[in-house]
Amino acid sequence: MCGICGVVGKHANPVEETVLRAMTDMMIHRGPDDEGFHMQDHIGFGFRRLSIVDLAHGHQPMCNEDGSVWIVFNGEIYNYDVLYQELVGRGHEFRSHCDTEVIVHLYEELGIECLDRLRGMFAIAIYDARKQRTYLARDYFGIKPLYYADTPDGLVFASEIKSLLASGYVDPKVDMQAFVHYLSFQYVPDPRTMFAGISKLPPAHYLEIRDGQATLHEYWRAEFEPDDSVSFETFTEGIAAHLTASVNRHSRADVPRGAFLSSGVDSTVIASLLNRQERVKTFSIGFDNPETHHDELPYAAQTAKTLGTEHYSIKITAADYRDELEKLVYYQEDPVADPSSIALYFVSRLASEQVTVMLSGEGADEIFGGYPIYHEPMSLRGFKSMPGWQKKALHRVAAALPYGLKGRSFLERGTTDLERRFIGDAKIFSDSVKAELLSQNVPLASLQSCFAVTDFYYARTRHLDDITRMQDIDMHTWLPGDILMKADKMTMANSIELRVPFLDRDVFEFAARIPTRFRVNDQTTKYVLREAVKEIVPEEIRSRPKLGFPIPLRGWLRNELFEYVQDLMATSGARSYFNMPYVEHLLAQHKAHARDYSRELWVVIVFMLWYDVFVEGTLASARGRFVETRTSRAAATS
């Protein structure tokens, strides 16, 4: 696991190593073990390494035998050993046993089509000197991030936005369209970022840079194809087999490994399968929270005892949360207003004291239908047969009812088409509310609605049922934009490599054929997955309702964090983006228990913190305040 960066110049001038060093220095937390640089023609590559496999080798940038193909690579290729044997059989000579060199030789054989043979997580940059082409590629699901900025002087790319800012090719400015989308989604959907001029390479895409022009290509697509002809037993047996094989692949490492453990089935599956190989170390987090029924720690401890893992846990307070907020925004870079991001940071910091590689359960909900919201089409099916005029009339009635009146929300949702009702697992501010929320400095009328993001995906799934269409939306927006973004940034902030065995291409392509009725029924979500892991996960865990990371944010914003938020709203440079009397009204209403505005307030708070760190502040000052790598911690205690 590493951090990669580089410059593809548009002029004849060579790339300066000082630029690459500035870029790599900004992501030393992603790779505290080694660094490397390569400059050739108008190309420059930089690299930071966190050593996981073949610790003595694997230095990057890496090349083929004659130096005509160069690569920097972040991630893990889990089938590299099979590819290695195949390539040796074809006459390729290797200097190491690392997956990076396998990609180089596979590219020599297949060109950029080699991406289809890789199984794992990756962000890759390849320079082909013979063809004078550079390729940037991102893995199938977007597990590893890759950003780029196409500027008049050259295209710069990196694993982190901070590296692009450090290059001097781009300045931190707000992308207004991204900002407006963020207010709905609580993250910035691909391919935009909150930084004007900086883009995310979408999952399962590669960028070809040739003669100064960059062209985006899709090389794979995650598609659901339910097959009603396959029996339930075939799916349960196949899921168990595919997950077991995936965890075995994902557990390969030459360094200590562990697993996150929450109260739910997803993390328990991973920890249990890993624990079959060796006694695994598991890690959980809880909160100093009077609402003890929301605390996952007792459940996690019980699960760890049942599985027989070596268990570690941490409980954090509102003060802990508050004190780390700015640092976490710095490491997130693009604002993600998911309160559980910070929980993931704390538990990753705990894990970093024991292990270097962690396995986790991300992706199971999107693939197998795990979110409670997926029940909604079943509860609303009575509206399907209503004529359009009747739905419109009922919708007007619902809109006129007082907020909070029982049945109002049900009527509103039932009389709204799926394409305008569901934009993902989170929907914070509607377009109508944004008009009240934002100041006149935001040109809302000239910007796209949030539906411009989801309509693209809905157009491809008209042949599918509503539940599957919702999963497809989450698979392509929520998963890479929120779930995987926070997972990568919060673990790498602590120099931890996170692996996600559910997001294995073989697992997905098998699970994509599961009929909807096997995924979600009237009683439960992820039905077929729960049945498939009967021999892996105890019954009391399989039937436990989903909690996620239950952050007590609602109460904290009314009490422990209230004054902090007041001060932030009074001083933040981002005040000019908002109608502040309206924002202050939301806070007052929340404080008075008139209505729960915790999610809405958190979106505003995180943007304000992001703006103050990245736009009003400087990278140098932020880095001086926040950066602490595993290497520096070790040095401090030696």
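Measuring from centroid to centroid over Cα atoms, what is the spacing of segment 576-593 and segment 83-131 in Å? Using only Cα atoms to place each centre, the spacing works out to 54 Å. Relative contact order for the chain: 16 percent, from Cα pairs under 8 Å spaced at least 6 residues apart, divided by residue count. Over segment 169-314, accessible surface divided per residue gives 40 Å², non-protein components excluded, 1.4 Å probe. Shown is the FRET efficiency for residue 109 and residue 447, computed with R0 = 35 Å from the Cβ-Cβ distance and rounded to the nearest 0.05: 0.15.
Computed per residue of the chain from DSSP H runs no shorter than four, each worth -39500 (n - 2.57), the mean residue ellipticity at 222 nm is -11500 deg cm²/dmol. Remark: segment 403-453 carries 54 Å² of accessible area per residue (probe radius 1.4 Å; ligands, DNA and RNA excluded). Listed by chain and number, the aspartates and glutamates whose alpha-carbon sits under 12 Å from that of residue 144, ignoring those within fewer than 8 places in the same chain, are 76, 160, 488, 497. Comparing 626, 188, 98 along the charge dipole axis of the chain, the residue lying farthest to the positive side is 188, per the Cβ-charge model.
Each Lys and Arg adds +1 at its Cβ and each Asp and Glu adds -1 at its Cβ; summed about the Cα centre, the chain shows a dipole of about 1660 debye. Ranked by the mean number of other Cβ atoms within 10 Å of their residues, highest first, the peptides 296-307, 256-267 come out as 256-267, 296-307. Rolling a 1.4 Å probe over the protein heavy atoms of the chain, with every protein chain left in place, gives an accessible area that is 49 percent carbon and sulfur. Among beta bridges identified by DSSP and lying wholly in the chain, the antiparallel ones come to about 75 percent.
Model label sites at residue 386 and residue 215, defined 7 Å from Cα along the beta-carbon direction, differ in position by 4.9 nm. Sorting the segments 132-145, 85-98, 377-390 by their residues' average number of neighbouring beta-carbon atoms within 10 angstrom, most packed first, yields 132-145, 85-98, 377-390.
For the residue pairs 391/427; 200/591; 391/434; 392/427, alpha carbon separations beyond 29 Å are given by 200/591. Using a simple spin-label model with pseudo-atoms 7 Å out from Cα toward Cβ, residue 463 and residue 151 lie 4.5 nm apart. Taking the centroid of alpha carbons for each part, segment 348-374 and segment 468-517 are 9 Å apart. Heavy-atom accessible area per residue, segment 1-118, 1.4 Å probe: how many Å²? On a per-residue basis, 37 Å². Measuring between their Cα centroids, segment 140-180 and segment 223-299 lie 33 Å from each other.
The values are calculated or read from the model by the stated rules, or taken from the named source; none is laboratory data. The model shown is predicted, which means the values in this text are computed figures rather than measured ones. Quick reminder, even Gly has a Cβ in these numbers, built from the backbone with ideal geometry, and neighbours come from all protein chains shown. Side chains are part of the model used for accessible areas, which takes the heavy atoms of the whole protein and leaves out ligands, DNA and RNA. Shrake-Rupley method; radii C 1.70, N 1.55, O 1.52, S 1.80 Å.
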